[in-house]
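Since every read-out is calculated from the coordinates, none of them should be taken as a lab result. Here the structure is a predicted model, which is why all the values come from computation and not from measurement.
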Amino acid sequence: MLYKSLDFKNVVGQKVKISEIPVLGKNNRYYFMIQVRLQIFISSLYNKLQEKSCYSFRDYLKRKMRWSDFEDLFSIQEFRNNA
């Protein structure tokens, strides 16, 4: 699975980085849920002073999603012969 990261400055000018954001196609069943959760997560970080500067979106999803959906989304695909 591919991941992306996002850097921005919050309302007080503090630099914030969000890492481990999964890249999904629009036809994926989790696409809408991930987009909404990401918007909620960003808005919660944007409006207040933070004690950390780097956050993991994967850890946030681990707390907010059902475990079966989380495992399905982040299941590791094993490739044969390192392909």
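List nothing, just return the count: lysine pairs in the range 3-82, 8 or more apart or interchain, with Cα separation under 13 Å.
7
Once you've got the GNM for the chain with C-alpha springs shorter than 10 Å, pick whichever of Leu61, Leu24, Leu49 has the biggest mean-square fluctuation.
In the Gaussian network model the winner is Leu49.
Picking from Lys64, Lys26, Lys15, which is most flexible by a Gaussian network model of the chain using Cα springs under 10 Å?
Lys26
Give me the angle, in degrees from 0 to 90, between the Cα long axis of helix 31-46 and the longest principal axis of the Cα atoms of the chain, rounded to the nearest 10.
20 degrees
Among Ser68, Ser19, Ser44, which one moves the most in a GNM of the chain with springs linking Cα atoms closer than 10 Å?
Its mean-square fluctuation being the largest, the pick is Ser68.
Rounded to two decimals, what is the ratio between the C-alpha radius of gyration of the chain and 2.2 N^0.38 Å?
1.23
Kindly write out, for the range 6-21 in residue order, the coupling ³J(HN,Hα) from the Karplus curve 6.51 cos²θ - 1.76 cosθ + 1.60 (θ = phi - 60°), rounded to whole Hz, with x marking Gly and Pro.
With coefficients 6.51, -1.76 and 1.60, one gets 9, 10, 7, 9, 7, 5, 9, x, 7, 6, 10, 10, 10, 10, 6, 8 Hz.
Per 10 Å bin, what is the whole-percent P(r) computed from every C-alpha pair distance within the range 1-45?
25, 50, 21, 4
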